[in-house]
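J.: First, the structure itself, so that you have it in front of you.
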Amino acid sequence: MEKKDAQFTLTESEFLDLLVKARNKDEKSILILLHYFEPDMRSHSRYIKMPKEDALQSMRLAMIELFHHPPKPVADIHFPDLNIEKRD
């Protein structure tokens, strides 16, 4: 039987601090965040049609890429062809 990893919790400020450090490519912070999300990734890997370890590795890589290149906030995206005015 598979032994479950001990879950750990982070406060919101701890999480945000780790996220800022991860975005600045701090390896320790990235590893902590990957460990934090590991149970969720394992759970979601069941629904991906590829070997479990390949699915987990793909998710880890995607998370590292997101840490290094975060998406733009939605408010900063401009759609000139849609004639949508920005609301305050």
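J.: Starting from the Cα of THR11, step 7 Å along the direction of its Cβ; do the same at HIS35; then give the gap between the two resulting points in nm.
T.: 2.0
J.: Here's another thing I want to ask about it. Along region 57-71, what does the Karplus equation 6.51 cos²θ - 1.76 cosθ + 1.60 (θ = phi - 60°) give for ³J(HN,Hα), rounded to whole Hz, x for Gly and Pro?
T.: 5, 5, 5, 4, 4, 4, 5, 4, 5, 5, 5, 7, 9, x, x
Coordinate-derived values only; no laboratory data. None of these values were measured; they are calculated from a predicted model. Reconstructed Cβ throughout: ideal geometry from the backbone, glycine too, with neighbour counts over all protein chains shown.
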